[in-house]
Amino acid sequence: MAAPMTKLWKTWVATINPLLRICRQKGYSYRCYSFAKQSIARMLETSPIQDNVKVKGWVRAIRGHRDVIFLHVSDGSCVKPLQVVADPSLCGSDVTYGCCVLVEGCLIESSHPGQTVEVAAHRLQVLGSCDPVEFPFKARKKHSADYIRMYPHLRPRTNTFSSLLRIRSQATSAFHKYFQENGFCQVHTPILTSSDCEGAGEVFHVEPANSHLTQAVQEDSESNHFFKCPTYLNVSGQLHLEAIIGGLTRVYTFGPTFRAENSRGRHHLCEFYMIEAELAFTDSLEDIMQVMEEMVRTTTQTVMASAQEEVQYYLQNTGAEKHRETVEAMTTKQFKRITYTEAISILKSKKNFQFKVEWGADLQKEHERWLTQHLGDVPVFVTDFPAQLKPFYTKLNTDNKTVAAVDLLVPGVGELIGGSLREDSYDALHSRLEAAGEHDMYDWYLDLRKYGSAPHGGFGLGFERYLQYLLGTGNIRDVIPFPRSPGSCKL
Ligand code: 4AD
């Protein structure tokens with residue numbers, strides 16, 4: 001008996017090994033390959049093969065006739081659902097809108113003009129039922145964004161939000177592609193840190209929930225902190241990137257960032273994703289702005305091309321059909337450049353403008369949005385801000401009043417990117433930190449200026465604000481899977 005079993009095993013291995021080798025060459029794990037092979041996205045691209053297929057997904061629409069039932073099944077792999085045609089005898093009362101199903105059937109050519117293939121079912125099994133009365137989302141009903149936002153744990157089941165998640169994923173890849181193709185090295189900056197990079201005090205404090213742990217790790221009783229110093233969730237990875245460009249020249253990071261800002265505004269979150277880049281060997285803000293402009297332009301073009309259908313669907317469903325043309329037009333125009341001082345004089349020259357502003361004050365959202373509109377509905381770089389408005393690390397201009405900082409403002413959103421040249425003089429930085437009584441805490445940061453300091457600069461882009469700009473989404477909570485804001489961190 002042993003001999004035939006060994007032969008059978010050898011035959012099986014001989015068959016499966018080449019397949020696994022192809023998977024490895026294509027960079028798929030076997031599980032991933034088998035999912036991709038069976039995903040609805042793949043099936044919709046396949047010419048009808050009159051073959052047996054298995055479809056697993058969620059019912060997004062049902063149309064019943066006396067002798068046939070049409071189901072739209074989606075597995076989240078693409079925006080289009082797969083039509084399943086079933087005999088009513090296959091569908092029990094538990095086949096409802098929202099339920100999770102396994103369908104076995106034949107992939108055949110569809111006579112419907114909207115799709116090339118459909119599945120003629122011969123078996124339909126409900127894997128997870130869904131009470132359509134209790135389920136917050138109703139078939140054929142258009143729910144408002146405010147309503148959908150009330151169910152962050154269930155909204156991936158809506159077509160609009162699952163579409164947003166796929167666009168978000170494509171945009172993530174597009175940013176990585178831009179940096180990887182332009183000589184930037186990705187670095188993972190820490191989430192736990194002892195520095196408040198922006199110096200605004202908007203940090204979340206981190207200590208173990210169990211205070212016994214803190215006591216246990218302390219050899220002495222001088223400190224009552226787990227890490228022997230106050231520790232926070234990072235507000236920006238910039239200072240750590242600055243340490244790394246001391247050896248790597250061009251780096252970037254893309255990760256979560258935390259701000260204890262007491263704002264429930266449409267452009268603020270307590271946890272958001274930031275893309276930050278840092279470049280050594282530049283003492284010109286223009287160099288930094290060129291990277292910012294090229295990155296926004298290239299990434300936007302990549303997403304618009306790679307997720308064309310998805311973006312179209314999302315915009316149609318959020319009532320922003322025209323937004324695509326607006327964004328595409330913006331990427332073909334040169335971004336404008338004005339100084340902060342020019343921005344203030346433009347704002348002051350506008351008679352009867354209700355949002356008054358004086359030199360020295362920060363620009364508010366209303367100012368930012370009005371400026372981009374006034375200057376031709378294009379992204380606008382505002383440079384050279386008063387020193388008191390920007391953090392301690394920003395390089396002072398020769399006028400001793402302003403700093404080499406830049407904000408990129410975009411229509412509909414306002415500030416999308418903040419960047420600057422960094423102070424690279426040890427003495428200038430030391431005296432600034434000493435005046436603030438913080439030079440001891442930043443001794444490591446001062447070291448960067450002590451040992452082979454290079455002129456450098458960089459920027460940070462709020463990823464959710466970018467998605468708002470790309471998709472014309474009014475509320476930032478609608479472009480992140482699980483939004484966190486003051487008073488709201490339920491799941
Ligand atoms: O202007 P910010 O505070 O700049 C920095 O943190 C720099 N250290 C970045 C750097 O130079 N490496 O933040 C950068 C961007 C803003 O322009 C904005 O798009 C986004 O981060 N941002 C927020 N997005 C959502 N919610 C918030 N509370 C945000 N605060 C800033």
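Results, tabulated for the structure shown:
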| item | result |
| --- | --- |
| Spin-label model distance (nm) - THR46 vs GLU181, 7 Å beyond Cα toward Cβ | 3.2 |
| Rounded accessible area per residue of the chain, 1.4 Å, Å² | 51 |
| Extension gain (nm, one decimal) between SER306 and ASP427, 0.36 nm per residue minus Cα-Cα | 38.7 nm |
| 37 °C / 0.692 mPa s Stokes-Einstein diffusion coefficient of segment 196-282, Kirkwood radius on C-alpha pairs, µm²/s | 215 |
| Cα pair distances exceeding 19 angstrom across segment 328-380, given as percent | 25 |
| Segment 157-478: relative contact order in percent, alpha carbon pairs under 8 Å with at least 6 residues between | 19 |
| Cα shape, the chain, gyration tensor, a/c 1.5 rule | prolate |
| Helix 365-374 axis, angle to the chain major axis (alpha carbon atoms, nearest 10°) | 80 |
| Highest to lowest packing among 175-183, 139-147, scored as the average C-beta count within 10 Å | 175-183, 139-147 |
| Helix-derived mean residue ellipticity, 222 nm - over the chain, DSSP H n ≥ 4, -39500 (n - 2.57), to 500 | -11000 deg cm²/dmol |
| Extension gain from LYS348 to GLU104, taking 0.36 nm per residue of separation minus the Cα-Cα distance | 81.1 nm |
| Accessible surface of segment 249-400 [probe 1.4 Å, protein heavy atoms]: carbon and sulfur percent | 47 |
| Share of carbon and sulfur in the accessible heavy-atom surface of segment 40-141 [1.4 Å probe, %] | 50 |
| Under 14 Å from LYS333, Cα to Cα: aspartates and glutamates that are on another chain or at least 8 residues apart | GLU293, GLU294, GLU325, ASP377 |
| Computed over segment 40-141, the ratio Rg/Rh where both radii use C-alpha atoms and Rh is Kirkwood | 0.94 |
| Most to least packed among 445-456, 245-256 [average Cβ atoms within 10 Å] | 245-256, 445-456 |
| Cα gyration tensor shape of segment 385-456, rounded if a/c is under 1.5, else prolate or oblate by comparing a/b with b/c | prolate |
| Average Cα contact separation per residue, segment 338-491, under 8 Å, 6 or more apart, as relative contact order % | 17 |
| Cα shape, segment 276-377, gyration tensor, a/c 1.5 rule | oblate |
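The values are calculated or read from the model by the stated rules, or taken from the named source; none is laboratory data. Owing to the predicted nature of the structure, the values given are computational and were not obtained by experimental measurement. Here the Cβ is made from the backbone with ideal geometry for all residues, glycine too, and neighbour counts use every protein chain on show. When the accessible area is computed, the model is the full protein with side chains, heavy atoms only, and any ligands, DNA or RNA have been set aside. Shrake-Rupley method; radii C 1.70, N 1.55, O 1.52, S 1.80 Å.
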